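Trainee: For reference, the structure I am asking about is given below.
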Amino acid sequence: MRNCSPSVTVPMPASSCSLSQMSAASRLASSRAVPSSFHFGQSFSVSASQPGFGRLPAIVVGLFLAGVFCLGGLVVRDLPWLGDQVRNVLELGAHGGGPAVLAVTLLTGIAEEIFFRGAVYAAVPRRPLLVTTIAYVLATLATGNPMLGFAAVLLGLVTGLQRRASGGVLAPILTHVVWSGILFFALPRIFGI
């Protein structure tokens, strides 16, 4: 184990801690990053005081985004290569127990938002929306599935804009959970799985 900062321990050899990693780890652990990274936003009703995008309730945004993805699923399912990419993900979920896979799906969405739109967003001094969206997409592309990467672009931008508008992570969490929950039930039916 290599300790890159006073409070962040990561499993790696001592020689692999770069200056930028130590700086990012220190920023995440600093007292300035932590309070704002886990702040739920300006109001519990998930409406921001700023006009525009921040005024849309997060659940409505999640419903709209899920609807867009369901419509996209109707188109993509008949395209050989793209449809196969979505089917691969859906078949993985079909092998597990329904309630357990749903719980993991929802908890993963919460954890992703706390990490990317919470801690990382707060630690990035300039252009946090762009940086966190790119980081989220790259992490998702590590699955090897370009359709998940495409989903990450759209979801990352929307939840990043919510983070910027609300000042917290509650709106991104609610949007992500609603989006994931609906797609968990709808996409297998759309793709016949």
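The values are calculated or read from the model by the stated rules, or taken from the named source; none is laboratory data. Treat the numbers as computed from the prediction; the structure is a model and nothing was measured. Neighbour counts are summed over all protein chains in view; Cβ atoms, including those assigned to glycine, are modelled from backbone coordinates with ideal geometry. In case anyone asks, the SASA skips ligands and DNA or RNA and just uses the protein heavy atoms, side chains included. Shrake-Rupley method; radii C 1.70, N 1.55, O 1.52, S 1.80 Å.
Trainee: Inspect region 106-125 for any residue being over 10 Å from the mean Cα position of the chain (by Cα), in a helix (DSSP H, G or I) and surrounded by fewer than 18 Cβ atoms within 10 Å (Cβ to Cβ) and give the result as yes or no.
Mentor: The answer is yes; a qualifying residue exists.
Trainee: Does region 135-155 contain at least one residue that is part of a helix (DSSP H, G or I), in contact with a Leu (Cβ under 7 Å, 6 or more places away or on another chain) and farther than 21 Å from R87 by Cα?
Mentor: No, the conditions are met nowhere in region 135-155.
Trainee: May I ask you to list pairs of residues, at least six apart or on different chains, whose Cβ atoms are under 8 Å apart, with the first in region 78-107 being in contact (Cβ under 8 Å) with a residue 40 or more places away in the chain and the second being among the small types (G, A, S) and surrounded by 12 or more Cβ atoms within 10 Å (Cβ to Cβ)?
Mentor: These pairs meet every condition: V86/G73; V101/G93; L102/G181; T105/G93; T105/S180; T105/G181; L106/S180; L106/G181.
Trainee: Taking the stated definitions as given, is V153 free of Cβ contacts under 8 Å to residues at least 24 places away in the same chain, open to solvent by 20 Å² or more (accessible area, probe 1.4 Å), under 18 Å from C70 (Cα atoms) and out of contact with any Cys (no Cβ under 7 Å at 6 or more places or on another chain)?
Mentor: Details: free of Cβ contacts under 8 Å to residues at least 24 places away in the same chain: yes; open to solvent by 20 Å² or more (accessible area, probe 1.4 Å): yes; under 18 Å from C70 (Cα atoms): yes; out of contact with any Cys (no Cβ under 7 Å at 6 or more places or on another chain): yes.
Yes: the conditions hold for V153.
Trainee: Would you check if V158 is open to solvent by less than 50 Å² (accessible area, probe 1.4 Å) and out of contact with any strand residue (DSSP E or B) (no Cβ under 7 Å at 6 or more places or on another chain)?
Mentor: Considered against the rule, which asks whether it is open to solvent by less than 50 Å² (accessible area, probe 1.4 Å) and out of contact with any strand residue (DSSP E or B) (no Cβ under 7 Å at 6 or more places or on another chain), V158 comes out as yes.
Trainee: Continuing with this model, one more query. Might you let me know whether region 169-192 holds any residue that is crowded, with 20+ Cβ neighbours inside 10 Å, aromatic (F, W, Y) and in a helix (DSSP H, G or I)?
Mentor: The answer is yes; a qualifying residue exists.
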